[in-house]
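Read-outs: derived from the displayed coordinates by stated rules, not from any lab. Quick caveat: nothing in here was measured; it's all calculated off a predicted structure. No Cβ is skipped: glycine too gets one built from the backbone with ideal geometry, and neighbour counts run over all protein chains shown.
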Amino acid sequence: MSKNSEAIERLLDVMRKLRAPDGCPWDREQTHESIKGDLIEEAYEVLDAIESGDSSVLEEELGDLLLQVVFHSQIAVEEGAFEFHQVANGISEKLIRRHPHVFGEVTVADSGEVLQNWDAIKKQEKRDADEKVSIVSGIPKHLPALQKAHQVQKRAARAGFDWEKIEDVFDKLHEEIDELKEAIAEENEDEIRAELGDLLFSVVNVSRYLGHNPEEVLRHNIDKFVGRFQYVEDRVHENEKDFPDFTLKQLDEFWDEAKANTL
């Protein structure tokens, strides 16, 4: 047995013991529903580890994420639904099916063609299973809205439904801004909400068209804002005062200092 096989079997055995009648009371009480939030949290911690550039942290967080897969698999075993080996074999078979250019005789020119083939194979699989086929179906409903919009737009673009040039994308963006202004002027709350959604969707389109993931772009800017705002806070507290004691102009000067310090 290889080291990888031994490690996986050891983890599965640890989870079986935790869920056993004489195991851990907390682990025995858990269900798919009760720990679903942990799965999302662990996935985001993996992202943080990747961005940290620390391989030891990434190793640990990948372990935490793998635990969630094993945990759900053990619950499924107890319910008679499926076992871990079926999960592993299932994804292996899917990867082989969807990479005919690696495991078959298909030839591809580039990664774009790989994605087109992936979509075509996925659609055929759903047809074979008598499932409703749509290019934009199958995207997780609980995906953060910004990321979900990005995925929907990417799939539509791969099907050829996309803007021809960046100027067209900006024209649409300006159109949505004008429509939002009109809704605000009319004081129509339903229209304001709808036009805000259209505007956000258009901003995501700009980001996607330029080759950037809007979720990552926005996260970076949030971190930048937090850093600069904390600098402003420090400058306020240096004077043993609070925000209401300063004018907006003075606070803006602190903000400019933060920007000058590349925070």
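The table that follows gives values for the structure above.
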item: With at most 16 neighbouring Cβ atoms within 10 Å, loop GluC sites (Glu not before Pro) (DSSP) excluded, longest segment of the chain; result: 188-239
item: Length gained when the stretch LYS126-ILE222 is fully extended (0.36 nm per residue, less Cα-Cα span); result: 30.7 nm
item: Radius ratio Rg over Rh of region 145-212, counting only Cα atoms, Kirkwood formula for Rh; result: 1.02
item: Kirkwood estimate for region 185-252, i.e. one over the average of 1/r between Cα atoms, Å; result: 15.3
item: Subset of LYS94/LYS148; LYS148/LYS249; LYS132/LYS154; LYS126/LYS154; LYS36/LYS132 violating a 28 Å alpha-carbon distance limit; result: LYS148/LYS249
item: Bins of 10 Å, starting at 0 and running to the largest distance - Cα pair percent for the chain; result: 5, 16, 23, 26, 17, 10, 3, 0
item: Along principal axes, Cα extents of region 1-75, largest first, whole Å; result: 41, 34, 16
item: When region 217-260 is reduced to its Cα atoms, the Kirkwood hydrodynamic radius in Å; result: 10.8
item: Relative contact order of region 124-240, pairs being alpha-carbon contacts under 8 Å that are 6 or more residues apart, as %; result: 25
item: Helix runs (DSSP H) in the chain reaching 15 Å along axis by Cα, Kyte-Doolittle at least -1.0; result: 3-19, 36-52, 55-79, 84-97, 166-185, 189-209, 214-238, 248-260
item: Residue of ASN213, ASN239, ASN205 that the Gaussian network model of the chain assigns the largest fluctuation, springs spanning Cα pairs under 10 Å; result: ASN239
item: Reach of LYS181 by Cα under 16 Å, taken over aspartates and glutamates that are not fewer than 8 positions away in the same chain; result: ASP171, GLU189, ASP190, GLU191, GLU195, ASP198
